[in-house]
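Structure first, then comments.
The values are calculated or read from the model by the stated rules, or taken from the named source; none is laboratory data. Being a predicted model, the structure only gives us computed values, none of them experimental. Quick reminder, even Gly has a Cβ in these numbers, built from the backbone with ideal geometry, and neighbours come from all protein chains shown.
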Amino acid sequence: MNETHASSQNPDLFSAAQAVAAGVDFAELCVGPAGLFWNEFRPQDAASRIWRWSDGVTTCLTPDGFSARSRVYEYGGGSFCLSDEAVVFVNEADQQIYLQPFDTKVPHALTHGDKRYGDVRFGFGQILAVEEDNDVHRLVAFDLIDGRRHVLAEGADFYAAPTLSPEGDRLVWIEWWRPHQPWTSTRLLSTERQPDGSWGLPHCLAGGLGLEALQQPRFDDQGRLYCLTDRGGFWQPWVETLEGLEALPAAAADHASAPWQLGSSSWLPLTDGAYLASWFQDGSGRLGLCSADGSVQDFSGEYSRFRNLAMDDQHFYCIAASATRPSAVVAISRSDQRVQVLAGGVAPLPAEHISRPQTLRYPSGDSEAHGYFYPAMNGAEKPPLVVFIHGGPTSACYPVLDPRIQYWTQRGFAVADLNYRGSTGYGRAYRQALFLEWGVVDVEDACAVVEYLGNQGLVDPANAFIRGGSAGGYTTLCALAFKDVFRAGASLYGVSDPLALAEATHKFETDYLDWLIGDPDIDMARYRERTPLLHADQIKVPVIFFQGELDAVVVPAQTRDMLNALTEKGIPAEGHFYPEERHGFRKASNLAHALETEWAFYRKVMDS
């Protein structure tokens, strides 16, 4: 404790503001004749802007007052695409689709009204998109010339990935119905263009039985259809044949993450059964050019995570990160694998000051769990521990440089970043382990890592803290209420009352709790057993809360109710509410305040 406290007095320590400023991120690469384009988020202005790289020159295209971000399904994705002569993007403020010619800074609206759009794609003079009309979703297309709207598909609860064949004669997409999520059960639909230009009746190519989740359909240049499906145990590429889908040679690993957002691109078919793909194996990401004969040319280099793949004749493009370098837009030469960093990738700390992730695989309950361990950087023999719980809960953490984690390790804390059972990246069975077990197996895994690291002599188990956002906040509160392992915890826009969440949350997650816990009517006793708000009297340690007032996923009333329940029982608790934030904070000042305030809170606990 003394070493941790002493390190806090170092004025040269990596600050919360520096950690937040280093949190620049990228998304959604698109490549075309006009260059490579990407979406870049900077916490300093809380805006997402489209950038172009062409002939070695990088230019920001998005003018002040605009931000390219979709909020369809609340998590958005697929916020921009390229037409022949313009960038097409969803503007964050009004959620409408805008056109911005490459040679101008003035976007103009293609759509008007109160509907929201995402997963935008261009083909044959039209913009295809997922449309959200309150709680009704459909696939639509807009003519670029006059903005005329066409409904492509409707009737299902959710849609994703509208994809046209190279000749424009075939349209495929992913759809699913409540109560399923896009990582539990989806269908792959197809329709053909009719002589009059309309689309025929769609037919299902795969899925729909609750046994597989499909995502990211793709056509190659010859018009062959491919898709990722987890019917073999992992999300792997399959190709359409006369008999149905047939597996391509692939590593026994997930070639995608859970599709919380639209517009993912973790693999791309080439020709003759070859494909470029990223996958997650043995605790690290891989990037490879896979041939139909099963051979793989490894393009991973020094990186350990790869996202948003794109390509042209000379380069493979992606967003890559490593244990010592944050996210960067990179171009990899197809001929000699030379890597060129186009944006980002600048470490906020010298390499010798960066805590490197060590792969965790440890026993928990009657199974095992995964994650990464980051040693404290102050040399303490048994430092305090902060356990990070990711959101989702069907999400994941990765072994890449995270400035937030370095903020803690710089201050003498070790960090365990967990991929508890239910996380993505370890196959369908591991992901499905959370079925009806939320609040149980994730909590077991969070507590077991403290014992495991303590037995290894790597941390002081008496000074362990737990923190998590959204679903991670629920795991945090359950661990504090139902276990006696942690000295304090932090809930960032976390769930404290699952039943209230089901009543107030948005359509995308309305039925998620039925899968995670059970039917609210039939399994009411189970809900009561796993509701931290009803067991606030069992929490004996301090808790700090952070909440956005505009959050539509976990509404602010949830956090206020839990905070009040603790303070009424005399438990030390703090609540910090941010008027302009939604689900997940974006403003640099708020991000820095939350990080610094949480650290001060733990210091006060250890000093008490």
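In the range 36-57, which residues are under 18 Å from residue 344 (Cβ atoms), out of contact with any strand residue (DSSP E or B) (no Cβ under 6 Å at 6 or more places or on another chain) and surrounded by fewer than 20 Cβ atoms within 10 Å (Cβ to Cβ)? Listed by number, the residues that qualify are 42, 44, 45, 46, 47, 56, 57. Residue 586 passes every criterion in (1) part of a helix (DSSP H, G or I); (2) over 18 Å from residue 474 (Cα atoms) apart from (1). Looking across the range 135-150, the residues that are assigned to a loop (DSSP other than H, G, I, E, B) and either in contact (Cβ under 8 Å) with a residue 40 or more places away in the chain or closer than 16 Å to residue 70 by Cβ (or both) come down to 135, 144. You will find that of 543, 495, 554, 485, the residue that is touching a Leu at 6+ places or on another chain (Cβ under 8 Å) and modelled with pLDDT of 95 or more is 543 and no other. Just one residue in the set 282, 272, 293, 298 is under 23 Å from residue 326 (Cβ atoms) and at pLDDT below 95; that residue is 282.
Residues checked against (1) crowded, with 16+ Cβ neighbours inside 10 Å; (2) touching a residue at least 24 places away in the same chain (Cβ under 8 Å); (3) more than 26 Å from the chain's Cα centre (by Cα):
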position	(1), (2), (3)
301	no, yes, no
308	yes, yes, no
320	yes, yes, no
353	no, yes, yes
356	no, yes, no
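Number of residues in the range 544-583 that are under 30 Å from residue 68 (Cα atoms), in contact with a strand residue (DSSP E or B) (Cβ under 7 Å, 6 or more places away or on another chain) and in a helix (DSSP H, G or I) equals 2. When 364, 295 are screened for being farther than 20 Å from residue 264 by Cβ, without any contact (Cβ under 8 Å) to a residue 12 or more places away in the chain and either out of contact with any Asp or Glu (no Cβ under 9 Å at 6 or more places or on another chain) or buried (at least 16 other Cβ atoms within 10 Å of the Cβ) (or both), only 295 passes. The criterion of at least 2 residues that are in contact (Cβ under 8 Å) with a residue 24 or more places away in the chain and under 24 Å from the mean Cα position of the chain (by Cα) is met by the following strands (runs of 3 or more DSSP E) wholly inside the range 79-128: 80-82, 86-90, 116-123. Residue 571 satisfies every condition listed in (1) touching a residue at least 40 places away in the same chain (Cβ under 8 Å); (2) buried (at least 16 other Cβ atoms within 10 Å of the Cβ); (3) over 20 Å from residue 470 (Cα atoms) except (1). Among the residues making up the range 181-201, those that are part of a loop (DSSP other than H, G, I, E, B), out of contact with any Phe, Trp or Tyr (no Cβ under 6 Å at 6 or more places or on another chain) and either exposed (fewer than 14 other Cβ atoms within 10 Å of the Cβ) or without any contact (Cβ under 8 Å) to a residue 40 or more places away in the chain (or both) are 185, 194, 195, 196, 197, 198, 200, 201. Screening residue 65 with (1) out of contact with any Gly (no Cβ under 9 Å at 6 or more places or on another chain); (2) at negative phi; (3) part of a loop (DSSP other than H, G, I, E, B) gives one miss only, at (2).
If the condition is being under 26 Å from residue 430 (Cα atoms) and out of contact with any helix residue (DSSP H, G or I) (no Cβ under 8 Å at 6 or more places or on another chain), then the range 371-392 contributes only 372. Among the residues of the range 216-247, those that are crowded, with 19+ Cβ neighbours inside 10 Å and part of a loop (DSSP other than H, G, I, E, B) comprise 220, 230, 234, 235. Would a scan of the range 235-255 turn up a residue that is in contact (Cβ under 8 Å) with a residue 24 or more places away in the chain, over 19 Å from residue 213 (Cα atoms) and among the charged types (D, E, K, R)? Checked the range 235-255: no residue is in contact (Cβ under 8 Å) with a residue 24 or more places away in the chain, over 19 Å from residue 213 (Cα atoms) and among the charged types (D, E, K, R). Among the numbered criteria (1) surrounded by fewer than 24 Cβ atoms within 10 Å (Cβ to Cβ); (2) in contact (Cβ under 8 Å) with a residue 60 or more places away in the chain, which one does residue 480 miss? Of everything listed in (1) surrounded by fewer than 24 Cβ atoms within 10 Å (Cβ to Cβ); (2) in contact (Cβ under 8 Å) with a residue 60 or more places away in the chain, residue 480 misses just condition (1). Taken together, the criteria place residue 384 among residues that are touching a Phe, Trp or Tyr at 6+ places or on another chain (Cβ under 7 Å) and either under 30 Å from residue 454 (Cα atoms) or surrounded by fewer than 22 Cβ atoms within 10 Å (Cβ to Cβ) (or both). When residues in the range 46-56 are screened for being closer than 20 Å to residue 24 by Cβ and modelled with pLDDT under 95, 2 of them pass. What's the total number of residues in the range 515-548 that are among the acidic types (Asp, Glu) and either on the phi > 0 side of the Ramachandran plot or surrounded by 17 or more Cβ atoms within 10 Å (Cβ to Cβ) (or both)? Selection size over the range 515-548: 0.
Residues in the range 25-37 that are assigned to a strand (DSSP E or B) and either over 23 Å from the mean Cα position of the chain (by Cα) or more than 19 Å from residue 259 (Cα to Cα) (or both): 31, 32, 35, 36, 37. Looking only at the range 506-533, residues that are out of contact with any Phe, Trp or Tyr (no Cβ under 9 Å at 6 or more places or on another chain) and closer than 25 Å to residue 598 by Cα come to 2 in all. Within the set 307, 361, 286, the sole residue that is basic (Lys, Arg) and either in contact with a His (Cβ under 6 Å, 6 or more places away or on another chain) or in a loop (DSSP other than H, G, I, E, B) (or both) turns out to be 361.
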